[in-house]
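Working notes, structure below.
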Amino acid sequence: MTTIKACIFDLDGVIVDTAVYHYKAWKRLANELGFDITEAQNENLKGVSRMASLDLILGWGGVTKTEAEKEQLADQKNTWYVDMINKMTPDEILPGATEFLQACLDAGLKTALGSASKNAGIILEKTGITHFFNAIIDGNKVSKPKPDPEVFLKGAEELSIPAENCVVFEDAIAGVEAAHNGGMKAVGIGSPQVLTEADLVVSGLDKMTIEKLKTL
Ligand code: BG6
Ligand code: MG
């Protein structure tokens, strides 16, 4: 059993469901390039960085682009994505997320955000939850994508809590792996059939309690 002193949260798919906006923007880009992407394919993009997502999508469409063209395509997708997330409201916070964040703070635990997204700041601001985090690590502060543990280790460092006393909340397989690679516990948000490596899996933060942290 581990003494948990800090909770580190992924954003997309754990606190808000932005996957639908990423999907709409990537689909529009694929359509302009002459092919389509399915929701099933979109599943493979969860937790994957912007450029790595673009590479996967171009591969599915059998399209080859130069590095400069790829930069331009990623920028175009991001413009469409930002247009959508700029319209987000607190109503889009997933059930139980703010309640569990508050419960962590009330229990004297530290909280951090550990997200691959360079747009995390906008999402936190639009949904009004920035103040729930003692540290915010997003895609602008890291260079190595999950399953590298960089994003979570930086979070632990900023909180001054040793990695072994941290637990990560993640909806992506690569995110669970990143937590373990950093020597942290991982609570999977989603299905136990998918997040097989997680130390505990719950369907959402509405099913998470401080008591359950003590079983890790
Ligand atoms: C992750 C999402 O949180 O952030 C991915 O799950 C996304 O789908 C990645 O590609 C990077 O996001 P952004 O906002 O920097 O393009
Ligand atoms: Mg996620």
Tensor-based shape of the range 82-183 (alpha-carbon gyration tensor, a/c under 1.5 rounded, otherwise prolate or oblate): oblate
Sites excluded, trypsin sites (Lys or Arg not before Pro) in DSSP loops with at most 11 other C-beta within 10 Å, longest stretch of the chain: 88-213
Cα centroid separation, the range 153-213 to the range 113-128 (Å): 18
Whole-Å semi-axes of the range 28-76's equivalent ellipsoid (Cα gyration tensor): 16, 13, 9
Over the chain: helical MRE at 222 nm, DSSP H runs n ≥ 4 each giving -39500 (n - 2.57), nearest 500: -12500 deg cm²/dmol
Computed over the chain: relative contact order in percent, which uses C-alpha pairs under 8 Å that are six or more apart: 27
DSSP beta bridges in the chain [antiparallel fraction, %, rounded to 5]: 5
Sorted by Cβ density within 10 Å, fewest first, the residues T66, T98: T66, T98
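Can you compute the charge dipole magnitude of the range 19-85 about its Cα centre, using +1 on each Lys and Arg Cβ and -1 on each Asp and Glu Cβ, nothing else charged? Give it in debye, rounded to the nearest 20. Working shown, then result.
Working: 8 positive and 10 negative charges, 25 e Å.
Using only the charged Cβ atoms, the result is roughly 120 debye.
Could you give the dipole magnitude of the chain about its Cα centre, charging the beta-carbon of Lys and Arg +1 and that of Asp and Glu -1, in debye to the nearest 20?
On the way: 21 positive and 31 negative charges, 31 e Å.
Here the chain has a charge dipole of around 140 debye.
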Between the range 75-100 and the range 1-61, the alpha-carbon center distance in angstrom: 13
Residue pairs, from the table K70/K146; K24/K87; K46/K154; K118/K146, whose Cα atoms sit over 19 Å apart: K70/K146; K46/K154
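No lab work stands behind these numbers, since they all come straight from the coordinates. Worth saying up front: this structure is predicted, and the values here are computed from it rather than measured. Every residue, glycine among them, receives a Cβ derived from its backbone with ideal geometry; neighbour counts consider all protein chains shown.
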